[in-house]
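Notes follow the structure.
The values are calculated or read from the model by the stated rules, or taken from the named source; none is laboratory data. Quick caveat, the model's predicted, so the values are computed rather than measured. Reconstructed Cβ throughout: ideal geometry from the backbone, glycine too, with neighbour counts over all protein chains shown. Please note that ligands, DNA and RNA were not included when accessible areas were found on the heavy atoms of the full protein model with its side chains. Shrake-Rupley method; radii C 1.70, N 1.55, O 1.52, S 1.80 Å.
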Amino acid sequence: MVREYKFVVLGNGGVGKSALTVQYVQEFFLVRYDPTIEDSYSKTTHIDGEQIILEILDTAGTEQFTAMRDLYMKNGHGFILVYSITSQSSFNDLRDMHEMILRVPLVLCGNKCDLVDQRVVTTEQGVSMGLQMNASFYESSALKNLNVEELFVDLVRQVNRIQPKKEMGKKKTKGCSLL
């Protein structure tokens, strides 16, 4: 049986959620910023010797789409909360998003770590928030493909630790909605 994982990528607009997701799934960097309403991606891969399917929901970063969040908050197996190290507000706003989830598995990601000269959120602040959220913490760069795969692999491993195989969904053959 191939296990299927439903992951949700959350964060403010412009923090690089789509860039991280596309870098992981399609292995290229999105150069231009195009605000996302909601995109879903699928990737079949092997992690720890097991073939898996990742269904990744790349969410809107704007407040006007918060009504859509209820469904994917309920059905997601794991979450990646993304902020930009160049935006204090994107970091601060994750607390509200985390309160909506209030469960693990969870990865906190400080993206754009290649922009060191524009950094306003310190690594220590990210580590501290990760500990408060009981989340794994990474700093990443979609541009440099730094710690991109690690985000998703870590999340798969967290799900595997807390959800036995029999509880995970099998690949559906009908329907078209991700979550």
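Here are some notes:
- Subset of region 92-114 (residues that are in contact with a strand residue (DSSP E or B) (Cβ under 8 Å, 6 or more places away or on another chain) and under 13 Å from Val15 (Cβ atoms)): Asp93, Leu94, Met97, Leu108, Cys109, Gly110, Asn111, Lys112, Cys113
- Residues (in a loop (DSSP other than H, G, I, E, B) and open to solvent by 50 Å² or more (accessible area, probe 1.4 Å)) located in region 128-155: Asn134, Leu143, Lys144, Asn145
- Residue in region 102-116 that is at pLDDT below 95, part of a loop (DSSP other than H, G, I, E, B), surrounded by 12 or more Cβ atoms within 10 Å (Cβ to Cβ) and not basic (Lys, Arg) present: yes
- Test for Val121: is it aliphatic (A, V, I, L, M), in a helix (DSSP H, G or I) and either on the phi < 0 side of the Ramachandran plot or without any contact (Cβ under 8 Å) to a residue 24 or more places away in the chain (or both): no
- The number of residues in region 30-52 that are closer than 15 Å to Arg157 by Cα and either at pLDDT below 90 or hydrophobic (A, V, I, L, M, F, W, C) (or both) comes to 2.
- Hits in region 79-118 - residues which are touching a residue at least 60 places away in the same chain (Cβ under 8 Å) and among the charged types (D, E, K, R): Asp93, Lys112
- From Glu4, Glu55, Glu27, residue being at pLDDT 70 or above and over 17 Å from Leu155 (Cα atoms): Glu27
- Some residue of region 121-128 being of a type in the set (D, E, K, R) and closer than 12 Å to Leu106 by Cβ: no
- For region 84-99, residues that are part of a loop (DSSP other than H, G, I, E, B) and modelled with pLDDT under 95 total 1.
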